[in-house]
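Just below is one structure, and these are the notes that go with it.
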Amino acid sequence: NNCRYGAFSGLHNVQRRRLTVDEAIAEGKVLSEQGFRDLLLVSGEDPAFVSVEYLTDVIRRLRDDFTSIALEIYPLEEEEDRRLFAAGAEGVTIYQETYERKTYGELHPTGPKASYDDRLRAQESAARAGMRRLGIGALLGLCDWRFETLALAVHARALMQHYWQSKVS
């Protein structure tokens, strides 16, 4: 991902480490043994390595150890969201970051995050797939905070009206 402001942007020379499925399971087991009941799996924007198959495998292998498993992930197609839900995930957070289309394009010129529309539709896809918790990652301050706050409220309200069985945060 090549956003212009994020610490994890591909534009920065940061050493990264990806967990294998077995390493992710081992880390999850440690958290479960320490008494944690809710697990958030964070994928970043790396569908080539952290694929739906990878996440499905991790979720299936950890679902009996946690009350809740949620994802902070890149936008998926509805069928992919359904597979994750069927595996045991119940929540998805997608970072919309800004609702102002021009600012969004300037801040995300290339890479997986470049599609404003994919990000905007992602929570609806997750809700149609059955996810019970929808997280909107809006970053207030990337443009006029008044516009952002209003747009966030409108987006959240639309989700709550159409997908009333899901909680929105």
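The values are calculated or read from the model by the stated rules, or taken from the named source; none is laboratory data. Keep in mind that this is a model prediction, so the values were computed, not measured. Every residue, glycine among them, receives a Cβ derived from its backbone with ideal geometry; neighbour counts consider all protein chains shown. In case anyone asks, the SASA skips ligands and DNA or RNA and just uses the protein heavy atoms, side chains included. Shrake-Rupley method; radii C 1.70, N 1.55, O 1.52, S 1.80 Å.
Matching residues to (1) among the charged types (D, E, K, R); (2) more than 18 Å from the chain's Cα centre (by Cα); (3) under 24 Å from E124 (Cβ atoms):
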residue	(1), (2), (3)
R18	yes, no, no
V21	no, yes, no
A24	no, no, no
V42	no, no, yes
S51	no, no, yes
F66	no, yes, no
I69	no, no, yes
Considering residues that are of a type in the set (K, R) and either surrounded by 21 or more Cβ atoms within 10 Å (Cβ to Cβ) or more than 13 Å from D57 (Cβ to Cβ) (or both), the number found within region 83-101 is 1
Of the residues in region 32-61, those that are open to solvent by less than 90 Å² (accessible area, probe 1.4 Å), farther than 30 Å from A114 by Cβ and free of Cβ contacts under 8 Å to residues at least 12 places away in the same chain come to G35
Pairs returned, first residue in region 127-154 that is in contact (Cβ under 8 Å) with a residue 24 or more places away in the chain and of a type in the set (D, E, K, R), second residue that is assigned to a strand (DSSP E or B) and surrounded by 14 or more Cβ atoms within 10 Å (Cβ to Cβ), beta-carbon separation under 7 angstrom, 6 or more apart or interchain, are R132/G91; R132/K167; R133/A70; R133/G91; R133/K167; E148/A138
**Message:** With the structure loaded, tell me whether T110 is of a type in the set (V, I, T) and either over 22 Å from Y5 (Cβ atoms) or surrounded by fewer than 20 Cβ atoms within 10 Å (Cβ to Cβ) (or both) or whether it fails that test.
**Reply:** yes
When every residue in region 149-169 that is surrounded by 13 or more Cβ atoms within 10 Å (Cβ to Cβ) and not hydrophobic (A, V, I, L, M, F, W, C) is compared, the one farthest from the chain's Cα centre (by Cα) is T149
Filter region 127-148 for residues that are touching a strand residue (DSSP E or B) at 6+ places or on another chain (Cβ under 9 Å) and in a loop (DSSP other than H, G, I, E, B); the one that is most open to solvent (accessible area, probe 1.4 Å) is R132
By residue number, the members of region 133-169 that are of a type in the set (K, R) and within 16 Å of I94 (Cβ to Cβ) are R133, K167
When D118 is run through (1) open to solvent by less than 30 Å² (accessible area, probe 1.4 Å); (2) over 12 Å from C3 (Cβ atoms), the failure sits at (1)
